[in-house]
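Please read the structure below before turning to the comments.
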Amino acid sequence: MSKKQILEQLLQERILIIDGAMGTMIQRHKLNEADYRGERFKDWHLDVKGNNDLLSITQGDIIKGIHRQYLDAGADIIETNTFNAQRISLADYDMQELANDINAAAVKVARAATDEYMAAHPGEYKFVAGAIGPMNKTLSLSPDVNSPGFRAVSFDEVADAYYEQIKIMVESGVDILLVETIFDTLNAKAAIYAIEKYFSDTNQEKLPIMISGTITDASGRTLSGQTLEAFYVSVMHCEPLSIGLNCALGAEEMRPHIEELAQIATCSVSSYPNAGLPNAMGEYDETADETAAIVGTFAQNGWINIVGGCCGTTPDHIAAIAREMKKYSPRILPEIAARI
């Protein structure tokens, strides 16, 4: 069987686990500017501390180690360290021409961690998801309150940047493409367009696509104003492997939205919330067992197929979630008639 077929079969058998936060784990290493630069970028003309995606090149062993911790904790799917690794976001560091290098390095270390784990655990399957973040520019909102019609970027520019990222990810060996932390559905549609175009251009079988949006507050809407159902309808045409929510909310705050999504989605549903809401210092206090207990109720209610963690979560959170999920069966995909 192909890895795509294996993944689809596993989703029918059990709830799959996706990894936790990359940034939280990087912060534990207390890296300085020199660490971020490494030898290759020691004379770079701008500060690069904070460019976590660059660490796949300059501190590959650290990133690989983080991946391995999540695999050892029970993650079935690990995300590449590529959240901002397209040329538009990388322009903040004047590194837009390094998009290919950064993505290739990120996939290489994730692939190495996964392959090593599977070699040591025959019969277990682990998957690398190419993480495609929301970008630091939005197509639906103006960055200038005095000029609501202004846009800092065009659809074609966004789609081209995503196409470049997707191309190198696929060529480097990802198993899944994960369009995540979506706060602007138009950006996500540009990413989906780029995915469809790449596989059409290359005449390859399309890799599984995971879609994960972000509900930003109690309104139940994305930052660009869509309701959850409107968001779902906007992206379902790409026939995703899964659709879900991540970031912005802790599991408790995410609960009603995951319940709603479980009622309308014809594909698998994913949930990887933050470790609660941040405290006054911007840190996350929710323990691994607390997070696991809350998402456990999602599983008990039959709402989820894929679950993990976002900001503030660690391998301890993922291990606790993995243990909790062993008690439950995956959500059964409903047969929902198309609405006219």
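Near Ala265, once Lys and Arg are set to +1 and Asp and Glu to -1 for all other residues with Cβ below 13 Å from its Cβ, the sum equals -4. Cβ crowding within 10 Å ranks Ile304, Ile332 as Ile332, Ile304, fewest other Cβ atoms first.
Between segment 126-183 and segment 233-271, how far is it from one alpha carbon centroid to the other, in angstrom? For segment 126-183 versus segment 233-271, the Cα centre distance is 19 Å. For segment 117-263, what does the alpha-carbon gyration tensor say about shape, rounded, prolate or oblate, given a ≥ b ≥ c as the root eigenvalues, a/c under 1.5 as rounded, and a/b over b/c as prolate? The shape class here is oblate. Using 19 Å as the Cα-Cα cut-off, could you pick out the over-long pairs in Lys167/Lys197; Lys64/Lys137; Lys64/Lys108; Lys126/Lys326; Lys137/Lys189; Lys167/Lys189? Check vs 19 Å cut-off fails for Lys64/Lys137. Taking every DSSP bridge with both residues inside segment 16-325, close to 5 percent are antiparallel. Working from the Cα coordinates of segment 218-292, the gyration tensor eigenvalues give, after taking √(5λ), semi-axes of 25, 14, 10 Å in decreasing order. Among Glu97, Glu8, the ranking by other beta carbons within 10 Å of each residue's beta carbon, starting with the fewest, stands as Glu97, Glu8.
Seen from a random direction on average, the alpha-carbon convex hull of the chain projects onto 17.8 square nanometres. As a rough footprinting exposure proxy, the listed residues Val145, Val233 were ranked by other beta carbons within 10 Å of their own, and the order from fewest upward is Val145, Val233. Amide H contacts of Ile243 (H built 1.01 Å from N, in plane; Pro and chain starts excluded): Ile211, Ser268, Val269, Ser270 sit under 5 Å, all sequence-distant by 5 or more or on other chains.
Less than 9 Å Cβ to Cβ from Pro143, Lys/Arg counted +1 and Asp/Glu -1: what total charge do the surrounding residues give? Residues near Pro143 contribute +1 overall. Can you give the local net charge around His67? Use residues other than it whose beta-carbon is closer than 13 angstrom to its beta-carbon, Lys and Arg +1, Asp and Glu -1. Net local charge, His67 excluded: -2. Based on every Cα atom in segment 102-159, Rg and the maximum pairwise Cα distance Dmax equal 19.3, 59 Å. Here is how the number arises for the chain: DSSP H runs of 4 or more residues each give -39500 (n - 2.57), the sum is divided by the residue count, and the result at 222 nm is -13000 deg cm²/dmol.
Coordinate-derived values only; no laboratory data. If you're wondering where the values come from, they're calculated on a predicted model, not measured in any experiment. We place every Cβ from the backbone using ideal geometry, glycine too, and count neighbours over all the protein chains shown.
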